[in-house]
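Here is the structure we will look at.
The values are calculated or read from the model by the stated rules, or taken from the named source; none is laboratory data. Owing to the predicted nature of the structure, the values given are computational and were not obtained by experimental measurement. Positions of Cβ are generated from backbone atoms using ideal geometry, with glycine treated the same way; all protein chains shown enter the neighbour counts. Surface accessibility is based on the protein's heavy atoms, side chains included, excluding ligands, DNA and RNA. Shrake-Rupley method; radii C 1.70, N 1.55, O 1.52, S 1.80 Å.
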Amino acid sequence: MYDVFISYAHSDSSAVDQLEVQLKAKGLIVWRDLHDIASFDAFIETIEKNLKNSKVLLAWYSEAYPQRPYCQWELATAHCAAPERVLVLSPQATDDHIWPESLRGRKYGRPDDPATIDRIVAEVKGFEGPLPLSAFPDARHWVGIGHKSSANTFVGRVKELWSIDDALRKDKVQRSVGITQVQGLAGMGKTMLAEEYARHFAARWSGGVYRGIASSGSRVADFHRSLIASIKGSDHAEACQSDEDAKRVAQDCLPKKPYLWLVDDLGEDLSKEQAEAWLAPTEWGHSLITTRSQKIDWLGKVIYLDRLSAEDAYDLLTRGKPLSDPEREAADAICNDLLGGHALSVDVAGALYPEVYSSYGQLLQALKTQDAATLALSDELELILPTGHEPSILRTFAIALDRLKGAREMQVLRLAALLAPNHAIPRTLLEASLVDDAPASIGIAIKKLCQRSLCQSDGQGGLTLHPVLGIVVRGYYGVDGDVDALPDLKERAATAFIRLIYEDVDRAPLSCAPLAPHGYHLAEGPFDARAAEVLAALWWYLQHVGAYGPARTVGAQVHEALRRVLGPEHPDTLTSMSNLARTLGALGDHSRARKLQEEALEARRRVLGPEHPDTLTSMNNLASTLKALGDYDGARKLQEQALEAQRRVLGPEHSATLTSMNNLAATLWALGDH
């Protein structure tokens, strides 16, 4: 028998070498695998021969440890048997990478501290006999799911795996049947997470794992019959004359020890009675449900499955390939900016390299220019993913989206798909864009979309749409009847954005902040007059709130685009030139501001005339810049000319005339002409 089974990532071998030497020097018998586990069979052999014959498992919980599937499998197996016999050492300064959280309290001190080794030795000697591991359930008690897995195809989700286990056990204490739901957007990896949970924590379910598919049209009685056929034979299943007979025989087939009852893709339109019919039929069962619906939140503990972390999405895309810096940047952009950590989409994108696209740079460009068509290649090429799951992104979403054709929810989705991905969409922007709809109807549509996990609430009445769902909606659901609805909706969104900015920036500038990302997004693509108006409104907001750096970028973009499209002396081009000069002045770059203002003034005199209000405004703007540069005489000369013209053109009591009088008075005061 071994005293200690060391579980570790092989990238930490050198540190674990020292740990092993220290433990053996204290008289402990230590086992560690010197070769990386490469298969499920090798893992089972390790458990049967070594972990079963060890007093404790000692996890070297480095940052690499949670990323190694078989390390987590070893940890889960020992934890299921006796959590008090799981010891943790971590070389990291913090412990937020350690799961489950309960293990953080069992983390010993610094690995290089002799006192730490002494504490471990003392605790190990306090245990008698090996870990009380039960036998793994045989394949006959894995129904609807394979008990073996190539765990290297599953990345991340360590927190979620332990959260499921914790929820199932706690819920069992609180009620006669333990129930946990995994909710989330289609393609986010709910089914795979549930399957991997079953395999990682197989030691907890000595009675086996039984998986049924509960999607629309499926019958729980058919699940019961398939279970009977797997365990007792097809003749017993066929002998069941009624659904009640099938349930009774299934109950008799199930063992009187803990088992996992996995209900995959529970539908959204079930009654309470219909939903509960899918739960484990005996008291020994713990039910784990996957669903897109949030209408059954009352049914057990809910775990919402969000996007993959940036690191996990990168690992899934690249399959561990070493990359150059440019390729790494492209891969990061694919995973997070374009695909938003959507598990299925990242998996599909990874399968397109290198057979379809020879570099991640090429794949990135394809996704930017033809996003829907690129992701649809999985259908055309009949890809088989390493995970073995459905590779068609369109088919994954189609069931939910097809139901929304002609409904208000689809119009809200179309609009959201045209706005900035990965950013909350304010309710005000949705209502201002869909002015023909009552605000209440939009609120109801958002609630229904959230219930179907097609969007997430931003907590303030708006929503967040996943970028991959946006790709699917734009690519395949943009048509309303026989009409392409997207151009009209984009025009509505642009009009609403411009109106909201100009209406609210003075009164409530903070309310405009969530609008800004959508202004940037609406202005993307071929530059036209509408894009210029959107960017001009965005500049106005940025300038107003003092974000002068971004305002300079936007202002320069507007000016250059208008100069190219409308010509250098078009009134709108000259206005953009004046706006950019204003931002440069706010940044303290008065010399560049002066140059732009002189060009604008000269052009306006020539195009609009010397006494046009815009020309007079340019004179006053240039005068202010001259004052900032210390040229008070030059400023006074311009201000006097502007004031004289404004009195003649606008009248002596016009607000602009009075403002010019005050400006001139301030300049005269600065010159000592009191």
So, with a 1.4 angstrom probe, what is the percent of accessible area on the chain that is carbon and sulfur? 50 percent
Solvent exposure of segment 300-453 as accessible area per residue, Å², 1.4 Å probe: 42 Å²
Trypsin sites (Lys or Arg not before Pro) within segment 474-540: DSSP coil, no more than 12 neighbouring Cβ in 10 Å: Arg507
Which of Lys49/Lys159; Lys125/Lys170; Lys190/Lys301; Lys55/Lys159 exceed 19 Å between C-alpha atoms? The answer is Lys49/Lys159; Lys125/Lys170; Lys55/Lys159
Whole-number accessible area per residue in Å² for segment 224-278, which is evaluated in the context of all protein chains at 1.4 Å: 52 Å²
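Looking at the P(r) of segment 278-411, how many percent of alpha-carbon pairs lie beyond 18 Å?
Numbers: 5582 of 8911 pairs.
I get 63 percent for the Cα pairs in segment 278-411 exceeding 18 Å.
Could you work out the Kirkwood radius for segment 1-89, taking every pair of different alpha carbons, averaging 1/r and inverting it, reported in Å?
Evaluated on segment 1-89, it is 13.0 Å.
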In deg cm²/dmol and to the nearest 500, what is the mean residue ellipticity at 222 nm of the chain if only DSSP H runs of at least 4 residues count, each as -39500 (n - 2.57), divided by the residue total? -16000 deg cm²/dmol
Please arrange Arg119, Arg319 by accessible surface area, largest first, computed with a 1.4 Å probe and ligands excluded. Arg119, Arg319
Which of the lysines could a cross-linker span from Lys595 if the Cα-Cα distance has to be under 20 Å and same-chain partners fewer than 8 positions apart are dropped? Lys627, Lys637
Please report, in whole Å³, the volume per residue of the convex hull around the C-alpha atoms of segment 560-674. 93 Å³
For the chain, count all C-alpha to C-alpha pairs, find those more than 46 Å apart, and express that count as a whole percent of the total. 38 percent
Can you pull the one-decimal nm distance between simple spin-label points at Asp506 and Thr553, each 7 Å off the Cα toward Cβ? 2.9 nm
accessible surface per residue for segment 528-674, probe 1.4 Å, DNA/RNA/ligands not counted, whole Å² -> 50 Å²
For the chain, what are the DSSP H helices with axial Cα length of 20 Å or more and mean Kyte-Doolittle hydropathy of at least -1.0? 158-174, 486-504, 529-544, 548-565, 571-586, 613-628, 655-670
Which value, in Å² rounded to 10, gives the accessible area of Cys240 with a 1.4 Å probe and all protein chains present? 20 Å²
Once both label points are put 7 Å beyond Cα along the C-beta direction, the Asp482-Lys447 separation in nm becomes 3.7 nm
